[in-house]
Amino acid sequence: MKNLTMKSYGKLTTGLVAGWFVFALSASALFWFKNDANRIGIAVAIAAVAPILIFAAWFAASEKFRRFALSLDPQILTLAQTWRIIGFTFVLLQARGVLPAIFALPAGYGDMTIGATATLVAWKLANPSRRYSFIIWQLLGIADLVTAVSLGTTARLLSPHSPSMVAMTVLPLSLVPTFLVPLFLTFHLICIAQARAWKVGSSDTVASVKGVQYYAI
């Protein structure tokens, strides 16, 4: 019954993530997020924050969902962050005058750093004996995402004479703040919650922590 419950939550969560992707894609296609004015990108900020708040509320309110989230494989969740190596796109677009440096450089280099180190962290730090280093890396990943969204939504106010952020508010780049950012940040939060439950000095094999069998997504 427990395995069935995990599978059910897995299907439900996959469906919700797919639904959010469809929403972000559709809203982008309809130009709901487009923002080429000298103002804060409220629509993009809401789209980035809303799924995180929903996850946090669900995680806090539902013990079963919390168990499911904590049963996910932390190595796979961390390896997923390798996709952030595409942050080099921001740097290239800044060099071409498409994105403002105040956003593109910290966001781009930050994402590249996290993406480039994700594989090493997944295989070397995702275990109880290195949990503090694992948590610190996850926090750095969160800091990078928060910084990128904060600078992205206020770039036109902070640097009004720089190129606009319009490229980040239309397809395909609009999917970064409205879908990928909340997804990656949620993965970071789950990994931190898992690591906090690990006991230092126990087996280095992550799958054996507290006898939990991790659910591979």
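Could you please let me know if residue 64 is assigned to a helix (DSSP H, G or I) and open to solvent by 40 Å² or more (accessible area, probe 1.4 Å)? If you could, list the steps in order and put the result at the bottom.
Numbers: assigned to a helix (DSSP H, G or I): yes; open to solvent by 40 Å² or more (accessible area, probe 1.4 Å): yes.
Spelling it out, residue 64 is indeed assigned to a helix (DSSP H, G or I) and open to solvent by 40 Å² or more (accessible area, probe 1.4 Å).
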If you go through segment 123-138 one residue at a time, do you hit one that is open to solvent by 10 Å² or more (accessible area, probe 1.4 Å), under 16 Å from the mean Cα position of the chain (by Cα) and among the hydroxyl-bearing types (Ser, Thr, Tyr)? no
The one condition residue 100 fails out of (1) under 17 Å from residue 187 (Cα atoms); (2) open to solvent by less than 40 Å² (accessible area, probe 1.4 Å) is (1)
Where residues in segment 139-166 are open to solvent by 50 Å² or more (accessible area, probe 1.4 Å) and of a type in the set (Ser, Thr, Tyr), which of them is farthest from residue 43 (Cα to Cα)? 147
Restricting attention to segment 31-51, does a residue exist that is assigned to a helix (DSSP H, G or I), modelled with pLDDT of 95 or more and open to solvent by 50 Å² or more (accessible area, probe 1.4 Å)? no
Let me confirm something: among 89, 117, which residue is closer than 22 Å to residue 134 by Cα, in a helix (DSSP H, G or I) and polar (S, T, N, Q)? 117
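crowded, with 18+ Cβ neighbours inside 10 Å, at pLDDT 95 or above, in contact with a Lys or Arg (Cβ under 6 Å, 6 or more places away or on another chain) and within 18 Å of residue 187 (Cα to Cα): does that describe residue 59?
Values: crowded, with 18+ Cβ neighbours inside 10 Å: yes; at pLDDT 95 or above: yes; in contact with a Lys or Arg (Cβ under 6 Å, 6 or more places away or on another chain): yes; within 18 Å of residue 187 (Cα to Cα): yes.
In short, yes.
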Residues of segment 67-97 satisfying the condition of being open to solvent by 50 Å² or more (accessible area, probe 1.4 Å), farther than 15 Å from residue 187 by Cβ and among the hydrophobic types (A, V, I, L, M, F, W, C): 85, 86, 88, 92, 95
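The values are calculated or read from the model by the stated rules, or taken from the named source; none is laboratory data. In this text, all values refer to a predicted model and were calculated from it rather than measured experimentally. No Cβ is skipped: glycine too gets one built from the backbone with ideal geometry, and neighbour counts run over all protein chains shown. Ligands, DNA and RNA are stripped out before the accessible areas are found, and what is left, the full protein with its side chains, is counted by its heavy atoms. Shrake-Rupley method; radii C 1.70, N 1.55, O 1.52, S 1.80 Å.
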